[in-house]
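Trainee: Before I ask anything, here is the structure I am working with.
The values are calculated or read from the model by the stated rules, or taken from the named source; none is laboratory data. The structure presented is a predicted model; accordingly, all values stated were derived computationally and were not measured. Note that each Cβ is placed from the backbone with ideal geometry, even for glycine, and that neighbours are counted across all protein chains shown. Each accessible area value is taken on the protein alone, full model and side chains, heavy atoms only, with ligands, DNA and RNA left out. Shrake-Rupley method; radii C 1.70, N 1.55, O 1.52, S 1.80 Å.
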Amino acid sequence: MTDSEFRPALLVIDMQEDFCPPSGALAVASGRDIIPLINRLLALPTIPLKIATKDWHPPNHVSFAANHPLDDGLPPSSSSSSPSSSSDANPHPKPTKRPFLDTTVIANPRNPSERYTTRLWPVHCVQHTPGASLVPELDVSRVQHVIEKGTSPDVEMYSAFCPPLRDPKVSDSGLAALLRENGTTHVYVVGLAGDYCVRSTAEDAVREGFVAYVVEEATKAVDPGLWEDVKKEMEEKGVRVVSVDGPEVRRLFQEKGGSE
């Protein structure tokens with residue numbers, strides 16, 4: 001592969017306080033340990049485009065277990081102002097579904113017949129809260145663009161490209177267009193969490209026609225015991241899970257790229 005056929009971009013996924021120990025609401029074990037390597041990649045002049053993403057949820061987001069009373073299988077109302085609004089008014093609030101353990105069904109708001117079941121989470125990365133901030137250790141001075149995702153209350157969005165509802169497509173972050181405008185050929189995906197937002201972003205990158213690498217040492221999983229299975233599933237969809245010591249990453253540390 002010639003230099004003209006290789007124009008990489010770095011996608012730094014959701015390196016936010018709520019996803020990092022010690023106090024994140026949805027902290028991924030050892031999530032902060034990957035920051036030095038991500039900063040090394042951000043510092044590389046051989047990567048012309050560097051993009052960070054943020055979960056940027058409204059308080060009534062459908063992925064929050066606190067928004068799902070046990071007797072209500074419907075998504076949260078768009079009129080709800082916060083996950084705790086009902087408990088503020090009622091000293092004996094209804095019990096809600098459990099984060100990590102329970103699920104909900106999400107339907108395409110434009111086509112209710114398209115639906116899927118998804119895992120529920122603790123309240124996290126609520127817009128304009130400290131937990132939604134990128135971690136201060138991350139060298140954001142090297143980042144040219146920050147994409148906010150998961151902004152619609154009734155749709156989950158792990159991927160930095162778009163939600164998984166595609167009949168019709170519900171929304172689009174503009175990431176694919178941004179990559180194409182910059183002539184990107186290969187994307188290197190790092191950040192949190194490896195088995196959710198990193199995975200979905202990498203798989204969608206392949207769907208959009210890019211070569212997608214997940215740098216294994218620069219991500220951590222919510223469920224590390226299932227990581228080997230997740231890697232196999234990603235690779236079946238065309239994503240390449242690579243090591244920082246492998247040729248795919250080593251070429252970034254060279255002034256001129258070699259063959260793939």
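Trainee: Would you call V211 touching a His at 6+ places or on another chain (Cβ under 6 Å) and closer than 30 Å to D245 by Cβ? Spell out how you get there, then give the answer.
Mentor: Values: touching a His at 6+ places or on another chain (Cβ under 6 Å): yes; closer than 30 Å to D245 by Cβ: yes.
In short, yes.
Trainee: Would you call V206 without any contact (Cβ under 8 Å) to a residue 40 or more places away in the chain and either closer than 12 Å to A9 by Cα or over 14 Å from the mean Cα position of the chain (by Cα) (or both)?
Mentor: Working: without any contact (Cβ under 8 Å) to a residue 40 or more places away in the chain: yes; either closer than 12 Å to A9 by Cα or over 14 Å from the mean Cα position of the chain (by Cα) (or both): yes.
It is true that V206 is without any contact (Cβ under 8 Å) to a residue 40 or more places away in the chain and either closer than 12 Å to A9 by Cα or over 14 Å from the mean Cα position of the chain (by Cα) (or both).
Trainee: Ok, one more. Restricting to region 207-234, name every residue that is under 15 Å from G191 (Cα atoms) and open to solvent by 50 Å² or more (accessible area, probe 1.4 Å).
Mentor: Once the filter is applied, which keeps residues that are under 15 Å from G191 (Cα atoms) and open to solvent by 50 Å² or more (accessible area, probe 1.4 Å), region 207-234 yields E216, E217, K220, P224.
Trainee: Does D18 satisfy the condition of being in a helix (DSSP H, G or I) and either touching a His at 6+ places or on another chain (Cβ under 6 Å) or closer than 14 Å to T129 by Cα (or both)?
Mentor: yes
Trainee: In addition: What is the number of the single condition among (1) at pLDDT 95 or above; (2) touching a helix residue (DSSP H, G or I) at 6+ places or on another chain (Cβ under 8 Å); (3) open to solvent by 30 Å² or more (accessible area, probe 1.4 Å) that K256 does not meet?
Mentor: Failing condition for K256: (1).
Trainee: Yes or no: region 132-143 includes at least one residue that is closer than 28 Å to S30 by Cα and touching a Ser or Thr at 6+ places or on another chain (Cβ under 8 Å).
Mentor: The answer is no; no qualifying residue exists.
Trainee: Any idea which residue in region 165-185 is surrounded by the fewest Cβ atoms within 10 Å (Cβ to Cβ), counting only those that are among the hydroxyl-bearing types (S, T, Y) and more than 26 Å from E114 (Cβ to Cβ)?
Mentor: Selected residue: T185.
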